[in-house]
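Peer 1: Quick one: structure below, then a few questions.
The values are calculated or read from the model by the stated rules, or taken from the named source; none is laboratory data. What you see is a predicted model, and the numbers here were worked out from it, not measured in a lab. Neighbour counts are summed over all protein chains in view; Cβ atoms, including those assigned to glycine, are modelled from backbone coordinates with ideal geometry. Protein only, heavy atoms only, side chains kept; ligands, DNA and RNA dropped before computing areas. Shrake-Rupley method; radii C 1.70, N 1.55, O 1.52, S 1.80 Å.
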Amino acid sequence: MYDVIVIGVGGMGSAAVCHLAKRGARVLALEQFDIPHDLGSSHGISRIIRLAYWEHPTYVPLVQRAYELWRELEADAGEPLLIVTGCIDAGDPDSPHMLGVREACRQFQLAHQEFDSDALTARFPGYRLPRAIAAILQPAGGFVLPERCVVAHVEAAQRAGADIRAREAVLGWDIQSDRVRVRTNRDTYAAARLIVTAGAWTTSIATHTVGLLTPERQVMLWAQPRVPDHFQVDRFPVFYIRDGDEGFYGFPIYGVPGMKIGKYHHRGGIVDPDTMDRQADLEDERVLREGIRRFFPDADGPTMGMKTCLFTNTSDEHFIIDFLERDPRVAIAAGFSGHGFKFCSVVGEILADLALDGGTRHDISLFKLNRFVES
Ligand SMILES: Cc1cc2nc3c(=O)[nH]c(=O)nc-3n(C[C@H](O)[C@H](O)[C@H](O)COP(=O)(O)OP(=O)(O)OC[C@H]3O[C@@H](n4cnc5c(N)ncnc54)[C@H](O)[C@@H]3O)c2cc1C
């Protein structure tokens with residue numbers, strides 16, 4: 001009998017098991033694949049972290065807490081997990097995206113600086129944005145290392161006594177009066193509380209979410225720059241560029257000999273995570289290469305690598321962090337809609353609060369499950 005069982009040890013589950021174990025809970029965490037692995041949503045070396053959240057003000061205090069927790073985890077792990085490069089948001093100066101970034105900076109008094117495209121190139125020569133595009137630099141932005149963060153959370157959890165098992169798939173669970181029973185391909189376990197952090201597989205293990213979560217195939221590409229100096233960590237901030245309906249994001253050279261680019265929602269491929277095509281093809285490459293040519297011509301050298309990955313989208317692109325059917329025995333965190341990794345550390349804290357205390361001091365009202373029913 002455990003205090004808590006966590007289903008899924010990816011970004012969110014690894015953080016949850018770490019916080020639970022550090023708070024003294026007897027916790028079991030079950031992962032269907034390896035730890036870490038590259039079949040879900042938490043791989044590919046880098047994930048953007050930024051403070052000026054244009055999507056909704058709720059996220060800013062959460063990401064501020066996430067920064068603190070990432071730094072604590074780094075100290076614990078004795079290795080870098082969060083690299084500060086600055087973050088560029090760029091787009092039509094009057095677009096909702098850019099107005100939202102400015103508003104978040106104003107509301108939360110976040111350090112930032114505005115540039116036109118020439119001034120941006122003068123400061124960061126890798127950037128060659130069209131004249132009509134404006135840019136805002138947040139110096140505190142940067143990236144976290146997803147695989148290393150998963151490992152660091154798992155190792156910290158293990159040091160605190162957590163029982164974590166890979167290659168063990170959860171087949172189902174049910175609630176019996178005073179406990180939750182979890183059945184896997186190896187055994188059956190019981191706990192007082194259950195946490196579901198199953199990423200793109202959530203609907204198959206928590207059927208209450210069927211119709212609310214849409215897994216979407218994504219692709220990342222690393223290109224060897226023609227002018228490598230322009231794309232080093234100390235000279236090339238991470239970016240999100242919104243140009244009309246298209247959004248590209250990317251990173252300096254780190255870990256792989258190439259700068260990295262992705263296109264938000266890529267080709268819009270809605271998939272089943274068990275049958276998704278995990279090979280990146282020439283059309284994937286063409287889509288991403290176009291972003292490099294449009295904004296970063298000095299990076300337009302040979303391809304160094306490509307990887308597929310999964311978004312799990314909600315219809316409003318806000319997260320789900322809640323109890324399932326208002327039952328305090330089962331908490332769920334899912335639907336991170338392509339922008340969740342930076343929050344893993346604080347989501348882990350929130351899930352431990354929900355499981356152990358029945359509530360949290362963090363404002364998670366935006367992430368309620370029943371907002372879809374009500375709307
Ligand atoms: C290409 C790409 C770029 C992104 N860029 C950013 C970014 O720049 N910044 C940012 O903040 N976020 C970004 N994101 C989003 C972020 O990576 C995700 O929101 C985050 O990784 C989701 O974590 P998760 O724990 O929900 O899913 P995962 O890490 O996939 O974890 C779910 C785990 O549950 C396991 N599981 C599922 N079912 C079972 C079962 N039945 N039994 C046992 N185990 C099970 C899975 O195997 C998996 O390991 C990006 C995502 C992608 C794909």
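Peer 1: Pairs only if they're at least six apart or on different chains, beta carbon under 6 angstrom, first in the range 24-44 and at positive phi, second modelled with pLDDT of 95 or more and not polar (S, T, N, Q); list them, first residue then second.
Peer 2: Listed by first residue and then by second, the contacts come to Gly44/Met220; Gly44/Lys307; Gly44/Cys309.
Peer 1: While we're looking at this one, here's another question. Going through the range 143-196 one residue at a time, which ones are open to solvent by 10 Å² or more (accessible area, probe 1.4 Å) and acidic (Asp, Glu)?
Peer 2: Glu147, Glu155, Asp163, Asp174, Asp178, Asp187
Peer 1: Could you grab me the full set of residues in the range 10-53 that are assigned to a helix (DSSP H, G or I) and out of contact with any strand residue (DSSP E or B) (no Cβ under 7 Å at 6 or more places or on another chain)? Working first, answer last.
Peer 2: Step one: list which residues in the range 10-53 are assigned to a helix (DSSP H, G or I), which gives 11-22.
Matches in the range 10-53: Gly11, Ser14, Ala15, Cys18, His19, Lys22.
Peer 1: Answer yes or no: is there a residue in the range 168-186 that is of a type in the set (Asp, Glu), within 11 Å of the ligand (Cβ to nearest atom) and assigned to a loop (DSSP other than H, G, I, E, B). Reasoning before the result, please.
Peer 2: Within the range 168-186, the first condition is being of a type in the set (Asp, Glu), and the residues that meet it are 168, 174, 178.
Those still in the list that are within 11 Å of the ligand (Cβ to nearest atom) too: 168.
Remaining after also requiring assigned to a loop (DSSP other than H, G, I, E, B): 168.
Yes: one or more hits.
Peer 1: With respect to Ser46, determine if the residue is open to solvent by less than 50 Å² (accessible area, probe 1.4 Å), in contact with a His (Cβ under 7 Å, 6 or more places away or on another chain) and near the ligand (Cβ under 9 Å from one of its atoms).
Peer 2: Details: open to solvent by less than 50 Å² (accessible area, probe 1.4 Å): yes; in contact with a His (Cβ under 7 Å, 6 or more places away or on another chain): no; near the ligand (Cβ under 9 Å from one of its atoms): yes.
Taking the combined requirement at face value, the residue does not satisfy it.
Peer 1: Starting from the range 204-215, keep only residues that are under 19 Å from Trp173 (Cβ atoms) and of a type in the set (Ser, Thr, Tyr), then list their pairs with residues that are in a loop (DSSP other than H, G, I, E, B) and at pLDDT 95 or above whose Cβ atoms are within a distance under 7 Å, requiring at least 6 positions of separation or different chains.
Peer 2: none
Peer 1: Next question. Can you pull out every residue in the range 92-107 that is open to solvent by 10 Å² or more (accessible area, probe 1.4 Å) and closer than 10 Å to Trp54 by Cβ? Step through it out loud before you land on a result.
Peer 2: From the range 92-107, those open to solvent by 10 Å² or more (accessible area, probe 1.4 Å) are 92-96, 99-100, 102-103, 106-107; that's our starting set.
Those that are open to solvent by 10 Å² or more (accessible area, probe 1.4 Å) and closer than 10 Å to Trp54 by Cβ: Ser95, Pro96, Leu99, Gly100, Arg102, Glu103.
Peer 1: Listed residues Glu317, Glu285; which is within 16 Å of the ligand (Cβ to nearest atom) and over 30 Å from Leu194 (Cα atoms)? Let's see the steps before the verdict.
Peer 2: On the way: Glu317 fails: over 30 Å from Leu194 (Cα atoms).
Just a single option satisfies the conditions, and that option is Glu285.
Peer 1: Sticking with this one: If I go through the range 252-271 residue by residue, how many of them are exposed (fewer than 14 other Cβ atoms within 10 Å of the Cβ) and either touching a Ser or Thr at 6+ places or on another chain (Cβ under 9 Å) or polar (S, T, N, Q) (or both)?
Peer 2: Selection size over the range 252-271: 1.
Conditions (1) open to solvent by 30 Å² or more (accessible area, probe 1.4 Å); (2) more than 16 Å from the ligand (Cβ to nearest atom); (3) acidic (Asp, Glu), marked per residue:
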| site | (1), (2), (3) |
| --- | --- |
| Ala333 | no, no, no |
| His339 | no, no, no |
| Cys344 | no, no, no |
| Val347 | no, no, no |
| Asp353 | no, yes, yes |
| Lys368 | yes, yes, no |
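Peer 1: Okay, next question. Do we find that Asp316 is over 26 Å from Ala223 (Cα atoms), within 22 Å of the chain's Cα centre (by Cα), part of a loop (DSSP other than H, G, I, E, B) and modelled with pLDDT of 95 or more in this structure?
Peer 2: Numbers: over 26 Å from Ala223 (Cα atoms): yes; within 22 Å of the chain's Cα centre (by Cα): yes; part of a loop (DSSP other than H, G, I, E, B): yes; modelled with pLDDT of 95 or more: yes.
Yes, satisfied.
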